[in-house]
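K.L.:
Below is the structure I would like to discuss, written out as structure tokens.
The values are calculated or read from the model by the stated rules, or taken from the named source; none is laboratory data. Treat the numbers as computed from the prediction; the structure is a model and nothing was measured. Here the Cβ positions follow ideal geometry from the backbone for every residue, glycine too, while neighbour counts run over all protein chains shown. These area figures cover heavy atoms from the full protein model, side chains too; ligands, DNA and RNA do not enter into them. Shrake-Rupley method; radii C 1.70, N 1.55, O 1.52, S 1.80 Å.
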Amino acid sequence: MSTEAPKPLPFIYQFASGAIAGVSEILVMYPLDVVKTRQQLDNTGAYNGTIKCLKKIVREEGFSRLYKGISAPILMEAPKRATKFAANDEWGKFYKKQFGVPTMTQSLAVLTGATAGATESFVVVPFELIKIKLQDRTSKFNGMGDVLKHIIKTNGPLGLYKGLESTLWRHISWNAGYFGLIHQVRSLMPKPKTSSEKTLIDLTCGTIGGTFGTMLNTPFDVVKSRIQAGSTRYRWTLPSLAIVAREEGVSALYKGFIPKVLRLGPGGGILLVVFTAAMDFFRTIHEG
């Protein structure tokens, strides 16, 4: 296997690869996202414990509830992950040119990831809002269209962007940690000699990056879930962080961390492996 850096592909191939990676990850990991949201919205302790929560949902609401609201994430994952990877690549080119450096550095990887996260946030907020509404235990909505009509009727089109500020905090911190750590871990890894070694390195880097990103952004994710669930007590990120910490303890800012890290740790690995494989496939088409 050549150790030369692959030639950059046009934006459309990056976008398609990100979309394929995102849908693959969500199909495998979605039940953990349902558990995470239940735990973040709960302040009674009824949903503590990942396995306990999974069993409780299946027992009381049926197995299909673990996939309730998946239509919004499926529709979201394509533009979300496509935007994540494509924006990261395009912002990387921009920053390298602006700072006059030929290759990506650690600090630029963090800056690029953070900017890509901010870009991604504007795409995902409406889908995230709908997903949270459907995953809530008290939800009376029958599906994505039902939630969409209710939000627009009640708050107008701009109501679809409720929670934008907290989503920015969540995605900037996760992407900065994810892409920044991937760059660092890859620099410490030996150059892959086979496709199997390349896949293993991508899986390792992506899992470590996903885990670190989750450690950084879980508090922002907790308050984002509460803001988007509709409580008037939670409006802005930093005051909401203070309310949760004061009333429920600092540990409450990490509610849902276990299912979240179980999803986004390995999920980050899945994302990177599928994205890289898709890019390699499109490269053979583009250069063939």
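K.L.:
With the full set of protein chains in place, find how many percent of the accessible area of the chain is carbon and sulfur; take the probe as 1.4 Å. Before the final figure, lay out each step's value.
P.N.:
Details: 9000 of 13470 Å².
Accessible surface attributable to carbon and sulfur in the chain totals 67 percent.
K.L.:
If you don't mind, another one. How big is region 114-160 in terms of Cα radius of gyration and Dmax, in angstroms?
P.N.:
Every Cα atom of region 114-160 included, Rg and Dmax give 12.1, 36 Å.
K.L.:
Sticking with this structure for a sec: Let me check I've understood the local charge: for A109, count other residues with C-beta under 15 angstrom from its C-beta, Lys and Arg +1, Asp and Glu -1. What total comes out? Please list the in-between numbers first.
P.N.:
Numbers: positive: K84, K93, K96, R186; negative: D89, E90.
Around A109, the surrounding residues sum to +2.
K.L.:
Restricting things to alpha carbons, tell me how big region 129-286 is in terms of Rg and Dmax, in Å.
P.N.:
When restricted to Cα atoms, region 129-286 yields Rg and Dmax of 18.9, 57 Å.
K.L.:
Compute, for F94, the solvent-accessible surface of its heavy atoms (probe 1.4 Å) with the complete set of protein chains present, and express it in square angstrom to the nearest 10.
P.N.:
90
K.L.:
Could I ask something else about it? Roughly how many Å² is the accessible area per residue of the chain, as a whole number, for a 1.4 Å probe?
P.N.:
On the way: 13470 Å² over 288 residues.
Per-residue accessible area for the chain comes out at 47 Å².
K.L.:
Size of region 213-288 along its principal axes in angstrom, Cα-based, largest extent first?
P.N.:
60, 22, 17
K.L.:
Another one. State which entries of K80/K224; K149/K260; K84/K140 exceed 26 angstrom in Cα-Cα distance in the structure shown. Could the numbers behind the result be given before it?
P.N.:
Details: K80/K224 17 Å; K149/K260 29 Å; K84/K140 32 Å.
Correct reply: K149/K260; K84/K140.
K.L.:
For Rg/Rh (Cα atoms, Kirkwood Rh), the choices are [x] 0.92; [y] 0.95; [z] 0.98; which was calculated from the structure?
P.N.:
Answer label, from the structure shown: [z].
K.L.:
Moving on to the next point. Provide D33, D136, D89 ordered by accessible surface of protein heavy atoms (probe 1.4 Å), highest first. Don't skip to the end; give the middle numbers.
P.N.:
Working: D33 5, D136 35, D89 60 Å².
These residues rank, largest area first, as D89, D136, D33.
K.L.:
Moving on. Which of K84, K255, K140 moves the most in a Gaussian network model of the chain with Cα springs under 10 Å?
P.N.:
Residue with maximal mean-square fluctuation among K84, K255, K140: K140.
K.L.:
Okay, moving on. Could you check the simple spin-label distance between S231 and E60, using points 7 Å along Cα→Cβ, in nm with one decimal?
P.N.:
About 1.7 nm, to one decimal.
K.L.:
Further question on the same structure: Which helices of the chain meet both criteria: a Cα extent of 15 Å or more along the helical axis and a mean Kyte-Doolittle score no lower than 0.5, with helices taken as whole DSSP H segments?
P.N.:
Helices meeting the span and hydropathy rule in the chain are 11-41, 106-135, 257-287.
K.L.:
For the pair D146 and R283, how long in nm is the line joining their label points, each one 7 Å along Cα→Cβ?
P.N.:
A separation of 4.7 nm, rounded to one decimal place.
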